[in-house]
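Here the structure is laid out as C-alpha cells; the discussion comes afterwards.
The values are calculated or read from the model by the stated rules, or taken from the named source; none is laboratory data. As the structure is a computational prediction, the values presented were derived from the model and not from experiment. Neighbour counts run over all protein chains shown; Cβ positions are idealised from the backbone, glycine included. Please note that ligands, DNA and RNA were not included when accessible areas were found on the heavy atoms of the full protein model with its side chains. Shrake-Rupley method; radii C 1.70, N 1.55, O 1.52, S 1.80 Å.
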There are 2 protein chains.
Amino acid sequence: MNIGDVARLSGLPAKTIRYYEAIGLVDPLRSNNGYRAFRESDLHKLHFLGRARSLGFSIEDCRTLLALYQDRSRASADVKLVATEHLGRIDAKISELVEMRNTVAHLIDACAGDQRPDCPILGDLGSGPIKRLAGPSTH
Amino acid sequence: MNIGDVARLSGLPAKTIRYYEAIGLVDPLRSNNGYRAFRESDLHKLHFLGRARSLGFSIEDCRTLLALYQDRSRASADVKLVATEHLGRIDAKISELVEMRNTVAHLIDACAGDQRPDCPILGDLGSGPIKRLAGPSTH
DNA sequence: CATTAACCTTCCATCCTCGGGAAGGTCAAG
DNA sequence: CTTGACCTTCCCGAGGATGGAAGGTTAATG
C-alpha cells in the first residue's frame, strides 16, 4: 500500500502519516521506487493512533500506548494508569474552561451591546487589582 | 519603569512583555541606555492584556479589544460580539473535551487495571471501523 | 511515443504563545 | 573594583501538525 491508500483507509492525512514516521511511531518499508510500502500492521497502528489522538492522548502517550498494545505480556494496570492521568488532565482543562466560560458569560449578560460606548466587559478587563509602585507613604 | 517593574506590577513575565511588544500590542519608550521605559498607560495595557488572556481571548481578540478599549467612540455591541464569539469557541471546546472525557472514563471503568494483559482500553483503540481495500469480491 | 494527471519524494517554512538560555551591556551598592 | 541584579538581542524549542516548492514515478490517455 502506498501512503495515499493508508491515508484513505486510516482517515489520517498523508502529511500526518509522514510526520508519524519521522517521529518514529510507524516504520513502513520502502519500495524500489522509494515510495513508502505500508503493511497491514502499519495500517493497524495508524488506525490505533488516529483513535488515541481523537481521544486527546498526547503523542508521547500514544507512543506508550502503542508499545503496550504490542506487548503481549503487558499489565492492564499500566494502560489504565496512562488513561487515568490523561483523564485528570482533561478534567483540569474542563474546569479551567468552565470557569472562563462562566466569567465571560456573566460579562456578556451585563453588556447592553448597543451603540453606546459603556461596556462592563471592557470595564472588567481594564480594572482590577493593579499593584502600584511603592511611593511616598501617606501613613 | 523598567521591564522588571511592569512585570511585577502586571503579573506578566518579562519574556511575555517583550513578546507583546514584538507583535505590536504595547509600544514602550526607550531610555538612553536602551532599556524599555514603560509609562502608566503601558502598565494599564499590560494589565488589560493579562486579564483578557486569562479569560482565554486569543492574541488577535486582545488586539481588537485593546483597540476598542482605547476608542472612546466605540459601540459596546462590537465588544459584545467579540466576547460572544469567544464564548462560542469556549463552549465548543468544552463539549469536545466532555465527550472525550466520557469516553475515556468509560474505558477506564471497564479496565481491571491488574497484572493481566487483557484491556478494554487497548481493545477500543485497536479495533473499530478500519476500511479495507477493495479486493476480489467473494460475492 | 508524447503528454498529462495523479501519484510520490524530500526539504523548508509556518502556525501560536511564549520559555530557556547564551552572550554581553548597565547600574547601584559595598 | 567587584559583585550581583538588572537589562539587551538573538536563536532554539515546544506540540502537532500543515502548506508549499521542486522534482521523480507511474498509469492512462491521444
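A few points about this structure:
- Full-stretch length increase - B:N2, B:H106 - with 0.36 nm per residue and alpha-carbon distance subtracted: 32.2 nm
- For the residues of B:81-90, the average number of beta carbons from a partner chain within 10 Å of their own beta carbon is 4.
- Distance from the Cα centroid of segment A:29-53 to that of segment B:99-127 is 24 Å (rounded to whole angstrom).
- Cα gyration tensor, chain B - rounded (a/c under 1.5), prolate or oblate: prolate
- Only protein heavy atoms count here; on that basis, with a 1.4 Å probe, B:T103 has an accessible area of about 40 Å².
- Local electrostatic count, A:S58, Cβ distance below 12 Å [Lys/Arg +1, Asp/Glu -1]: 0
- Net charge over other residues, Cβ less than 15 angstrom from the Cβ of A:R72 (K, R count +1; D, E count -1): -1
- Per-residue SASA remark: B:I90, around 10 Å² accessible (1.4 Å probe; ligands, DNA and RNA not included).
- Note on chain A: GNM, Cα springs under 10 Å; of A:V26, A:V104, A:V79, the largest mean-square fluctuation is that of A:V104.
- Once the chain from A:D27 to A:H44 is taken as fully extended at 0.36 nm per residue, the excess over their C-alpha distance is 4.9 nm.
- For A:A37, the residues whose amide H sits under 5 Å from its own are A:L29, A:R30, A:S31, ignoring neighbours fewer than 5 places away on the same chain, with H placed 1.01 Å from N.
- Per residue accessible area in Å² of the protein assembly as shown, where ligands, DNA and RNA are left out and the probe is 1.4 Å: 56 Å²
- Taking the accessible area of the protein assembly as shown, probe 1.4 Å, and keeping the other protein chains in place, the carbon and sulfur fraction comes to 52%.
- Under the Karplus curve 6.51 cos²θ - 1.76 cosθ + 1.60, θ = phi - 60°, whole-Hz ³J(HN,Hα) for segment A:105-120, x wherever Gly or Pro sits: 4, 4, 5, 4, 4, 7, 8, 5, x, 10, 7, 7, x, 4, 8, x
- The mean number of partner chain beta-carbon atoms within 10 angstrom of a residue's beta-carbon across peptide A:49-58 is 4.
- Net charge, B:P28 excluded, C-beta distance under 12 Å - Lys, Arg +1, Asp, Glu -1: 0
- Packing-based order for A:3-14, A:108-119, using average beta carbon neighbours within 10 Å, highest first: A:3-14, A:108-119
- The angle between the Cα long axis of helix B:59-69 and the main principal axis of chain B comes to about 40°, on a 0 to 90 degree scale.
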